[in-house]
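The values are calculated or read from the model by the stated rules, or taken from the named source; none is laboratory data. Remember, predicted model here, so these are calculated numbers, not experimental data. Cβ placement follows ideal geometry from the backbone for every residue including glycine, while neighbour counts extend to all protein chains displayed.
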Amino acid sequence: MTTVEDPLTDELAGAFLRQHRRYTSHQVAAMAGVPMYRARRFWRAFGFANVPDDAVEFTDSDVEALRTLVGLVRDGTYDEEHALLVTRSLGRATARLAESQAVLGAEVLDQAGVPLGKRASAWRTRADRVVPDLEQLLVYAWRRQLAAAAGRVVDQETSTVRLAVGFADLVGFTRLSRQITETELARLVERFESRSADVVASSEGRVVKTLGDSVLFVADTSAAAAEIALRLVEVHARTRGMPALRVGLAVGQVIGRMGDVFGTTVNLASRLTALAPADAVLAGPAVAEELEGDASFELRPVSPLTVRGMGELVPYIVARGRSASRTPAG
């Protein structure tokens, strides 16, 4: 939340909030029945910046949201710390979503030739059209994703689970980014992220996160992860202007937290990626062991490598087996 002084910007914010701002932070905290320090903890977890005490920045929705969070703690659904974790995960996910949608909206206005002086008015008109539909789609997608995620973790006894982890990285991306325009760079990243997401989702995997020139994904088995890795290399190799891709694979226990994954297995996948040749998949010994005997894949050991923090190990280049019948995705 930011203090808004420009009347046009203020009106624009109202168009997206769909409510008039009428309360200060202290009024919202009092109406929700919580001390100010506690209200600020939740707002910071959402990712909202502090505002001056006398700034009229809050709406009825802010009051209702704070009451809802407090109610989840009061009735024992969550303790305070878990409620903050839930809030933080919502804040992170929606901040990225909102930023991407705002950029896309600006691109639409650019393509339509709307001059800067008329942007605020055009944004208000656009908000009236898209906000209700995007809100409905957001809830739909969240429910679907929550159902799938709950199904994956419902029978886990601990916070760790055995997964195959893949880390794919564009080779020479930093150098390339200095040689092309910002617009070209943005389009390249968008193509990389969208096509990577398509490959992972269609091959029984899950994208954990993308970082512009890299993607972290997980799969339930080494075979599924290897198939994803090979398809990623194949698909991006056919994309004009796309740098070469290298992928590292590891399998083992991982810790899932806030939609991310952590642990030695993730670290190994990342470090193998840095050691992998261009347009190749480099897997750890445990992945190779699980792929042994699968005719869909060919394994080729490489010279022992010393991996920082993990000692010496023998990784394997993973390629398609001669009898593989799968058709790479386009």
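Going through A95, A127, A83 one at a time, which residue ends up being among the small types (G, A, S), at pLDDT 85 or above and either under 15 Å from R38 (Cβ atoms) or buried (at least 16 other Cβ atoms within 10 Å of the Cβ) (or both)?
Testing whether each residue is among the small types (G, A, S), at pLDDT 85 or above and either under 15 Å from R38 (Cβ atoms) or buried (at least 16 other Cβ atoms within 10 Å of the Cβ) (or both) leaves just A83.
Which count do you get for residues in the stretch 29-67 that are of a type in the set (D, E, K, R) and either outside the structural domain of A98 (by TED's automatic domain parsing) or farther than 18 Å from Q19 by Cα (or both)? Give the steps one after another, and end with the answer.
Narrowing the stretch 29-67 to residues of a type in the set (D, E, K, R): 38, 40-41, 44, 53-54, 57, 60, 62, 64, 67.
Retained after the next criterion (residues that are either outside the structural domain of A98 (by TED's automatic domain parsing) or farther than 18 Å from Q19 by Cα (or both)): 38, 40-41, 44, 53-54.
Count: 6.
Within the stretch 318-325, is even one residue in a helix (DSSP H, G or I), crowded, with 16+ Cβ neighbours inside 10 Å and touching a helix residue (DSSP H, G or I) at 6+ places or on another chain (Cβ under 7 Å)?
Filtering the stretch 318-325 down to residues in a helix (DSSP H, G or I) leaves none.
The answer is no; no qualifying residue exists.
Being at positive phi and either outside the structural domain of D220 (by TED's automatic domain parsing) or at pLDDT below 80 (or both) is the filter here; which residues of the stretch 288-330 pass it? Walk me through it before giving the result.
Of the residues in the stretch 288-330, the ones at positive phi are 293, 309, 311.
Scanning the stretch 288-330 gives a single hit, G309.
How many of the residues in the stretch 248-284 are assigned to a helix (DSSP H, G or I) and either among the polar types (S, T, N, Q) or farther than 16 Å from T221 by Cβ (or both)? Give the derivation first.
Keep residues of the stretch 248-284 that are assigned to a helix (DSSP H, G or I), which gives 264-275.
Cutting the leftovers down to either among the polar types (S, T, N, Q) or farther than 16 Å from T221 by Cβ (or both) gives us 264-268, 270-275.
Here the count works out to 11.
Would you mind telling me which numbered condition in (1) more than 17 Å from A149 (Cα to Cα); (2) touching a residue at least 40 places away in the same chain (Cβ under 8 Å); (3) of a type in the set (A, V, I, L, M) A219 fails?
Every condition holds for A219 apart from (1).
Counting only residues that are among the hydroxyl-bearing types (S, T, Y) and either surrounded by 16 or more Cβ atoms within 10 Å (Cβ to Cβ) or over 17 Å from the mean Cα position of the chain (by Cα) (or both), which one in the stretch 183-201 is nearest to E234 (Cα to Cα)?
If we filter the stretch 183-201 for residues that are among the hydroxyl-bearing types (S, T, Y), which is where we start, we get 183, 194, 196.
Now narrow it down to the ones that are either surrounded by 16 or more Cβ atoms within 10 Å (Cβ to Cβ) or over 17 Å from the mean Cα position of the chain (by Cα) (or both): 183, 196.
Numbers: T183: 25, S196: 11 Å.
Only one residue fits best here, namely S196.
What's the total number of residues in the stretch 19-69 that are assigned to a helix (DSSP H, G or I), more than 29 Å from the chain's Cα centre (by Cα) and surrounded by 14 or more Cβ atoms within 10 Å (Cβ to Cβ)? Spell out the reasoning first.
To start, the set of residues in the stretch 19-69 that are assigned to a helix (DSSP H, G or I) comprises 25-32, 36-46, 60-69.
After this cut, where a residue has to be more than 29 Å from the chain's Cα centre (by Cα) as well, the list is 25-32, 36-37, 60.
Applying the additional criterion that residues be surrounded by 14 or more Cβ atoms within 10 Å (Cβ to Cβ) yields 25, 27-32, 60.
Total meeting the criteria: 8.
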